[in-house]
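Student: Once you've had a glance at the structure underneath, I'll fire off some questions.
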Amino acid sequence: MKKRSFVVFLLVFALMVSNISFAAIEDNNKAANDLLKASINRIKARNVSSNIVIKFSVDEKKAIEKGVFEYYTKDPKAMVKYLNTILKKFTYEYNVNLVTKEGYKDTFKLNGVTGAYYDKKDIIEGNFYFKPWEFGIGSDLLDGVYALNLKDMFSDYYINSKIFEIELDDYIKALTKTDKSYTKLVNNLDSYKNVLLDFYKVRIEDIKNDDISIKIGSRKRNIDVKKYKLKIKATDMIDNVIKLLEVARDDENLKAFVIDKMNDIEKVAIKNKDYEKFGVTLEVFKKGMNEVRETLDVYWPTICDSLINKYYDIYYTFDDTEYEVYISVDKKNVVRRVESDINIDHVVISVVQDFNAYGNDVKVEIDEKDTKHNLAEMFKSHYSSNKGEFMYEYVKCIIKIFESDGFEKLIKDLKYYTKILPSDEREEIKTQIDEAVNAIKMYLPMLLMNY
């Protein structure tokens, strides 16, 4: 096995370690402690329902300083106001429900709804689902659900499909079980805790009591929260990851834990004879696993240093722009909302993520009776008639988007709010909008005829 595989494994493992309970955090700084515990409680949650709303705007000061709109208008301030008037009515949203309950039949199930909206009217909206080896998308714009089963796709292309017979639950249980190495690791996490606490301590600027409205199923509910205001730079977050990796580099308990997990993986693979699904013998498999263990044992610091260097490369691609982040925590010390404004060049991306439900309140329902179109079948051959069927549906969707209430309202507002712009630019922009829309409406039906 190549060393690159070990790095990938370490990344996966790092995600798993982030779920370890920090039960013994000392109260040396209550605000940092509480926020850290709340963040960990969110990460540990097996089942979660989350809603994200994304909005966009233009940073007037930066846009004017950089002369972004000077080529397009003689009044850049008016252009920024025009764009922001339109953008404040536009939102991109998605809701995701994820269940990863222990012993769940399919290991995990996920479904959700996503869409783009203008002035609360649909431009496009669709639903999706994921479960092991399969995902699907659907919408009112589509005839049924378009699903891709990876087992079908791989078997169609003569790729070994036996790997899909592997019982993922067996490996998840092996990786998450409590044993001596796990206990020793959990009881010696002070260095990691200190890095995380130091990160929060210096960045919490304000705390206040507040109430927010979240959605549980079809019901809206107000909950009392404690809202933390933080000032964070992208470089701060990367630097924090680097510090955690520096601790991990010298952590013999973590190394021992990883090696123990490799042993557990090997035992499951031998018991289930999963190595045969990859076309290797037991002898070759054991030899490969021994090489992995030996490499981890000898090159653990080198692997961590390699990751640290990669994060340093990323670090130097960011500037020192500081962002405000608001984290709302409920009375059970669980994160309920995260709000942030991210300024990229002269574009501001505002993100509000609500964590509506945890645990047994989260439901994932995938209607197996829906009419399904098999994407693997459609793309089996470049020249298949099924591909034409897919393209026909695709073009129909685009036509419906341009006929949607949200898009029609957007076009009306794009023309109406030109009154913000200099008088000699208004009619020109209106004409350009009409020409673009008419060209699209004429071209798409013609394209449809080709399928």
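Student: Report whether or not ILE137 is at negative phi and free of Cβ contacts under 8 Å to residues at least 60 places away in the same chain.
Tutor: yes
Student: In addition: When both residues are 6+ apart or on different chains and their Cβ atoms are under 7 Å apart, which pairs have a first residue that lies in the range 239-251 and is assigned to a helix (DSSP H, G or I), and a second that is of a type in the set (D, E, K, R) and surrounded by fewer than 18 Cβ atoms within 10 Å (Cβ to Cβ)?
Tutor: ARG249/ASP305
Student: Within the range 44-57, how many residues turn out to be at pLDDT below 95 and either under 19 Å from ILE429 (Cβ atoms) or of a type in the set (Gly, Ala, Ser) (or both)?
Tutor: Qualifying residue count, the range 44-57: 3.
Student: Next up: Do you know which residues across the range 192-205 are more than 13 Å from LYS30 (Cα to Cα) and not hydrophobic (A, V, I, L, M, F, W, C)?
Tutor: Of everything in the range 192-205, those that are more than 13 Å from LYS30 (Cα to Cα) and not hydrophobic (A, V, I, L, M, F, W, C) turn out to be TYR192, LYS193, ASN194, ARG203, GLU205.
Student: Sticking with this one: Provide a single number: the residues in the range 264-319 that are part of a helix (DSSP H, G or I), among the small types (Gly, Ala, Ser) and in contact (Cβ under 8 Å) with a residue 24 or more places away in the chain.
Tutor: Here the count works out to 2.
Student: Sticking with this one: Among the residues that make up the range 60-81, is at least one of them assigned to a strand (DSSP E or B) and either touching a strand residue (DSSP E or B) at 6+ places or on another chain (Cβ under 6 Å) or more than 13 Å from VAL334 (Cβ to Cβ) (or both)?
Tutor: Scanning the range 60-81 turns up no residue that is assigned to a strand (DSSP E or B) and either touching a strand residue (DSSP E or B) at 6+ places or on another chain (Cβ under 6 Å) or more than 13 Å from VAL334 (Cβ to Cβ) (or both).
Student: Among the numbered conditions (1) modelled with pLDDT of 95 or more; (2) surrounded by fewer than 17 Cβ atoms within 10 Å (Cβ to Cβ), tell me where ASP424 comes up short.
Tutor: With (1) modelled with pLDDT of 95 or more; (2) surrounded by fewer than 17 Cβ atoms within 10 Å (Cβ to Cβ) applied to ASP424, the lone miss is (1).
Student: Still on this structure: Return the pairs, sorted by first residue and then second, in which the second residue is in a helix (DSSP H, G or I), the first residue lies in the range 436-447 and is farther than 18 Å from LYS412 by Cβ, the beta carbons are less than 8 Å apart, and the residues are 6+ apart or on different chains.
Tutor: Taking only residues 6 or more apart or on different chains, the pairs are LEU444/VAL395; LEU444/ILE398; LEU444/ILE399; LEU444/PHE402; PRO445/ILE399; LEU447/VAL395.
Student: Which residue is modelled with the lowest pLDDT, if the candidates are limited to the range 194-217 and must be surrounded by 17 or more Cβ atoms within 10 Å (Cβ to Cβ) and out of contact with any helix residue (DSSP H, G or I) (no Cβ under 6 Å at 6 or more places or on another chain)?
Tutor: Among residues in the range 194-217 that are surrounded by 17 or more Cβ atoms within 10 Å (Cβ to Cβ) and out of contact with any helix residue (DSSP H, G or I) (no Cβ under 6 Å at 6 or more places or on another chain), the one modelled with the lowest pLDDT is ILE214.
Student: Can you name the residue in the range 218-228 that is out of contact with any Lys or Arg (no Cβ under 8 Å at 6 or more places or on another chain) and in a strand (DSSP E or B) and, of all such residues, is surrounded by the most Cβ atoms within 10 Å (Cβ to Cβ)?
Tutor: Going through the qualifying residues, I end up with TYR228.
Student: Then there's this: Picking from ASP345, ASP320, ASP305, ASP297, which residue would you name as being among the acidic types (Asp, Glu) and surrounded by 14 or more Cβ atoms within 10 Å (Cβ to Cβ)?
Tutor: ASP305
Student: Determine if the range 89-103 includes at least one residue that is basic (Lys, Arg) and in contact with a Lys or Arg (Cβ under 9 Å, 6 or more places away or on another chain).
Tutor: yes
Student: Does ALA45 satisfy being in contact with a Phe, Trp or Tyr (Cβ under 7 Å, 6 or more places away or on another chain) and either buried (at least 18 other Cβ atoms within 10 Å of the Cβ) or not β-branched (Val, Ile, Thr) (or both)?
Tutor: yes
Student: More than 18 Å from THR73 (Cβ to Cβ), modelled with pLDDT under 95 and not hydroxyl-bearing (Ser, Thr, Tyr): does that describe LEU448?
Tutor: For LEU448, the condition - more than 18 Å from THR73 (Cβ to Cβ), modelled with pLDDT under 95 and not hydroxyl-bearing (Ser, Thr, Tyr) - is met.
Student: Here's another thing I want to ask about it. Look through PHE278, PHE285, PHE257 and report the one residue that is of a type outside the set (Val, Ile, Thr), buried (at least 17 other Cβ atoms within 10 Å of the Cβ) and over 20 Å from SER181 (Cβ atoms).
Tutor: Result: PHE285 is the single residue among PHE278, PHE285, PHE257 that is of a type outside the set (Val, Ile, Thr), buried (at least 17 other Cβ atoms within 10 Å of the Cβ) and over 20 Å from SER181 (Cβ atoms).
Student: Also: List, please: which pairs have Cβ atoms under 8 Å, are six or more places apart or on different chains, and start with a residue in the range 84-97 that is farther than 23 Å from TYR129 by Cβ and end with one that is among the small types (Gly, Ala, Ser) and assigned to a strand (DSSP E or B)?
Tutor: Once the first residue is farther than 23 Å from TYR129 by Cβ and sits in the range 84-97, its partners that are among the small types (Gly, Ala, Ser) and assigned to a strand (DSSP E or B) give ASN84/SER57; LEU87/SER57; LYS88/SER57; PHE90/ALA116.
The values are calculated or read from the model by the stated rules, or taken from the named source; none is laboratory data. This structure is a prediction, so every number in the text was calculated from the model and none was measured. Neighbour counts are summed over all protein chains in view; Cβ atoms, including those assigned to glycine, are modelled from backbone coordinates with ideal geometry.
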